[in-house]
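For reference, the structure is listed below as structure tokens.
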Amino acid sequence: MNNTNRSILLQASEMPDKWYNIAADLGGKMLPPLHPGTLKPIDGASMSALFPDELIKQEMSGERFISIPDAVKELYSMFRPSPLYRAVNLEKMLGTPAKIYYKYEGVSPAGSHKTNTAIPQAYYNKMEGVKKIATETGAGQWGSALSFACNHFGIDLQVFMVKVSYDQKPYRKMLMNLWNGKVLASPSNTTQAGRDILAKYPDSPGSLGIAISEAIEMAVSDPKTKYSLGSVLNHVLLHQTIIGLEAEKQFEKAGDYPDIVIGCLGGGSNFAGISFPFVRHNLDGKKKTRFIAVEPSSCPKLTKGLFRYDFGDVAGMTPLLPMYTLGHEFIPPGIHAGGLRYHGASPLVSALVQEGIVEAQAIDQLECFEAGLKFAQAEGILPAPETSHAIASTIREALKAKAENTPKTILFNLSGHGYFDMYAYQQYLDGKLTNFVFDDSSLVEIENQTHPIELAFR
């Protein structure tokens, strides 16, 4: 194989000018979000305290394709289109007949895919005259991306960063500060939600659910502040589809098409971004690609959680969403893949799992770090701990293809680099990391949480 086949690139003029909205192709299979007080479907007006009007329209849109504003495309052009690489050295290391491709999102200013939605979210807030945004972040990729975008559009930003990641990843906090983002460890004493948690659990490591509660509380208490979310919601997943839309064009250039598409899953934006444009060809019956969403075995909402309406935050301030969940009060262990430490999966991904279109896998932390190290040694890029979950699943599938002597084409999303995660890799190399065992008995607690509405798809 010659070197020119290792990278499949697009010209700037080939960058997609629309996002793909998979909700248009799921139709009546989607259940609506519910108002936490009335338990009736919410409307746009009930979300206006949190989001600008254009994002609310996108959240509820039934249009299949939504145009990307020129100002967003201009900022995207700093790093998009992103490259699609063939992992030739990894294939050789594994001795597999499988062809392995990865879409590399670590080229963005913040080093991850999160910038794809941070830019349009900041833009739409700017267009509505918003002066300040409050948000949460786990490992820091989302906080970094939104800090970059808000700095560009002149919007103040307050980030509530999950405490365990705040302590583990000081350089992510520094990057946010360099882009004028203000960062607090969550739970904090700044909000009532944070104070309530600290009163009950003084040594709480925090969780995305807690950080979301704090950010929402700040937004609803100040009419000049809006809230921004980096995953889970429909409009967030919509913006990320530029990843898969570009990958489609790149596979056309390569004369290939994926048999398997893999992405790690915390809330769902990374997995959705790489997979949804390909999923639509399964939905219309033209393809039979497998889709694998990979989560930590310590936070296995898709593989062990329950499908029901649940809150997106600990304090119960968000709308009730139909999703796979471990319960909104679940606090995941402090694994280093902080971006995957979330109790629920997005309604769109949950719908696809319910329909049997998407498979779910849960993988232990140590296997993921081993996979990340192998990838770095073979391909020269150190992956973020989150992405190492997708790599671990890719290696499993490649070795399966080897055992069966069946050539497969595998695509995974390398959603971010791991150069701010060196401490985590050092812990792994020093033998100080462990696997966390999920306590199945914790699922019983969901039965006693507010609004435990069991669901089945229509």
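Of note:
- Positive minus negative residues near residue 378 (Lys, Arg vs Asp, Glu; Cβ under 11 Å): 0
- Residue among 47, 133, 98 farthest towards the positive dipole end of region 40-133, charges placed on Cβ: 98
- Where only C-alpha atoms are counted, convex hull volume of region 127-178 per residue in Å³: 61
- Region 252-280-region 118-157 distance, computed between alpha-carbon centres (Å): 26
- Each residue of region 357-374 is assigned a 3J(HN,Hα), and the resulting list reads 7, 10, 8, 10, 10, 10, 10, 5, 4, 5, 4, 5, 5, 4, 5, x, 5, 4 Hz, derived from the Karplus form 6.51 cos²θ - 1.76 cosθ + 1.60 (θ = phi - 60°), x at Gly and Pro.
- The magnitude of the dipole of region 297-437, with charges of +1 and -1 set on the Cβ of Lys/Arg and Asp/Glu and taken from the Cα centre, is near 180 debye.
- Counting charges near residue 112 (Lys, Arg +1; Asp, Glu -1) among other residues having Cβ under 13 Å from its Cβ returns a value of +1.
- Other residues with beta-carbon under 12 Å from the beta-carbon of residue 188 carry, at +1 per Lys or Arg and -1 per Asp or Glu, a net charge of -1.
- Separation of the alpha carbons by more than 21 angstrom is noted, of 114/304; 288/400; 18/249; 103/408, for 114/304.
- Derived scalar couplings ³J(HN,Hα) [region 398-411; Karplus, 6.51 cos²θ - 1.76 cosθ + 1.60; whole Hz; x for Gly, Pro]: 5, 6, 5, 4, 5, 4, 8, 6, 10, x, 10, 10, 10, 10
- For region 156-210, a simple Cβ point-charge model (Lys and Arg +1, Asp and Glu -1, everything else neutral) yields a dipole of about 100 debye relative to the Cα centre.
- Along the axis of the charge dipole computed for region 218-275 (Cβ charges of +1 for Lys and Arg, -1 for Asp and Glu, origin at the Cα centre), the listed residues 228, 257, 243 are led at the positive end by 228.
- Dipole of region 280-386, positive direction: furthest Cα of 307, 319, 281, with charges on the beta-carbon: 281
- Long-range amide H partners of residue 137 with built H, under 5 Å: 160, 161, 162
- DSSP beta bridge pairing in the chain, given as percent antiparallel to the nearest 5: 40
- Mean residue ellipticity (222 nm) of the chain, computed from DSSP H runs ≥ 4 via -39,500 (n - 2.57), nearest 500: -11500 deg cm²/dmol
- Rounded to the nearest 20, the size of the Cβ-charge dipole of the chain about its Cα centre is 800 debye, with Lys and Arg at +1 and Asp and Glu at -1.
- Per-selection Kirkwood Rh - region 304-448 (Cα, Å, 1 d.p.): 17.0
- Note on region 122-245: lysine pairs with Cα distance below 24 Å, sequence gap of 8 or more or different chains, count 22.
- Note on Cα extents along the principal axes in Å: of the candidates (1) 108, 82, 41; (2) 60, 56, 45; (3) 59, 48, 48, the value calculated from this structure sits at (3).
Here, each number is a calculation from the coordinates, and none is a lab measurement. All values reported here derive from a predicted model rather than from experimental measurement. Cβ coordinates were reconstructed from backbone atoms using ideal geometry, including for glycine residues, and neighbour counts include every protein chain displayed.
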